[in-house]
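Participant: One structure, as structure tokens, below. Some questions next.
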Amino acid sequence: MKRLFLLPLLLASLVRAEDAKPKTAEEILRIVRLSYALQNHKMNGQLRDDATGRVEPLTLTMEDRVMRFLFKNPPPEIVHLDLNTEPATLYQVRQGGSSVVPAGQHGDKVRGMEFNYEDLSLAFLYWPRPQLMGEGRVSGQKCWIVRVTNPSREGPYYVVDLWVHQGSGGAAKMEAYDRNSKVVKRYQVTKVQKVDGATTLKELRIESLNPFNGDVKGRTYMTLDDPVKK
């Protein structure tokens, strides 16, 4: 099976397609979580703000069940997600040391882009009692649609819908809702590339939406170079 590298929500699953036949929403989320934990790659790339053209270079590494986002522009920052814990633990490394990103900061933007720390934490992949809402397609590919609901009042999202690619087990799209059932965030892959027989992410679109009228109020693109095996 060709692997699918889709970031930050959209990473490769190492589960073979013939094995990725889950019958429950929890089984689907388990496959998505596993797809993050088993990666061992390094990728350079950038975040680009659609309105201003401002660019933030980044380096993403995945090794030993830890994902690290390195931002070199001043002030330098490393955000790393430890997938050895359950739920995964998000750390922020700045001058002065490393600390767990508090829940009150999860709604803050990362580097002024449309990413926030909740997006990087993948907290919603661990929310209890997920629901399988049916099937759909993203870019023509069949997906399961899984809905998860925030069990607490912490964080910027109340409900998250995930489209999980049936061929690879990787998440292909995400929509997040506030407590008034309005869409406030959307992710979707817009470009992919072929590298050594694998389908890898080339471009990911991240949009923040106005909950009152559905208009896009901010858009960031993540582009990544070819992955390098570590």
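Participant: First measure r as the distance between the Cβ atoms of Gln95 and Glu63, then evaluate 1/(1 + (r/R0)^6) with R0 = 35 Å and state the FRET efficiency to the nearest 0.05. Provide the component values of the computation, followed by the final result.
Facilitator: On the way: r = 24 Å, r/R0 = 0.67.
Computed FRET efficiency for Gln95 and Glu63: 0.90.
Participant: What distance in nm separates the two pseudo spin-label positions at Gln105 and Ile78, each 7 Å out from Cα along the beta-carbon direction?
Facilitator: About 1.5 nm separates the two model spin labels.
Participant: Report the gain in length on full extension from Glu203 to Asp215: 0.36 nm times residue separation, minus Cα-Cα distance, nm rounded to one decimal.
Facilitator: On the way: separation 12, 0.36 × 12 = 4.32 nm, distance 2.16 nm.
Contour length minus the Cα-Cα distance gives 2.2 nm.
Participant: Another question about this same structure. Residues with beta-carbon under 11 Å from that of Asp49, excluding Asp49: net charge, scoring Lys, Arg +1 and Asp, Glu -1?
Facilitator: On the way: positive: Arg48, Arg54, Lys109, Arg111, Arg219; negative: Asp50, Glu56, Glu114.
Residues close to Asp49 contribute a combined charge of +2.
Participant: Share of the range 128-171's accessible area from carbon and sulfur, percent, 1.4 Å?
Facilitator: After summing per-atom areas, the C and S share lands at 45 percent.
Participant: Find which of His165, Val183, Ser152 sits farthest along the positive direction of the dipole of the range 152-193, computed with +1 on the beta-carbon of Lys and Arg, -1 on that of Asp and Glu, about the Cα centre.
Facilitator: Farthest along the dipole direction, towards plus: Val183.
Participant: If the cut-off is 14 Å between C-alpha atoms, which aspartates and glutamates fall inside it for Lys173, apart from same-chain ones fewer than 8 positions away?
Facilitator: Lys173 reaches Asp119, Glu135, Asp161, Glu203, Glu207.
Participant: Taking only C-alpha pairs under 8 Å that are 6+ residues apart, what is the relative contact order of the range 97-230 in percent?
Facilitator: The value is 15 percent.
Participant: Any chance you could run the full-extension gain for Arg179 through Asn44? It's 0.36 nm times the residue separation minus the Cα-Cα distance, nm to one decimal.
Facilitator: Gain on extension, Arg179 to Asn44, equals 45.0 nm.
Participant: Let me ask you something else. How do 205-211, 52-58, 88-94 rank on mean C-beta neighbours within 10 Å, highest first?
Facilitator: The packing order, highest mean first, is 205-211, 88-94, 52-58.
Participant: Further, regarding this structure: Output the Cα-based Rg and Dmax of the range 21-71 in Å, rounding Rg to one decimal and Dmax to a whole number.
Facilitator: 15.4, 44
Participant: Leaving ligands, DNA and RNA out of it, rank Val160, Val189, Val100 by accessible area with a 1.4 Å probe, largest first.
Facilitator: So, going from the largest accessible area down, we get Val100, Val189, Val160.
Participant: Here is a follow-up. Which whole-Hz couplings ³J(HN,Hα) result when phi for each residue of the range 178-184 is put into the Karplus expression 6.51 cos²θ - 1.76 cosθ + 1.60, θ = phi - 60°, listed in order with x for Gly and Pro?
Facilitator: These are the phi-based 3J(HN,Hα) values: 8, 6, 9, 6, 9, 5, 10 Hz.
Participant: Considering only protein heavy atoms, what per residue accessible area in square angstrom results for the range 69-168 with a 1.4 angstrom probe?
Facilitator: It amounts to 48 Å² per residue over the range 69-168.
The values are calculated or read from the model by the stated rules, or taken from the named source; none is laboratory data. This is a predicted model, so every value here is computed, not measured. Glycine gets a Cβ as well: all are built from the backbone with ideal geometry, and neighbour counts include every protein chain shown. The accessibility values were calculated without ligands, DNA or RNA, using every heavy atom of the protein model including side chains. Shrake-Rupley method; radii C 1.70, N 1.55, O 1.52, S 1.80 Å.
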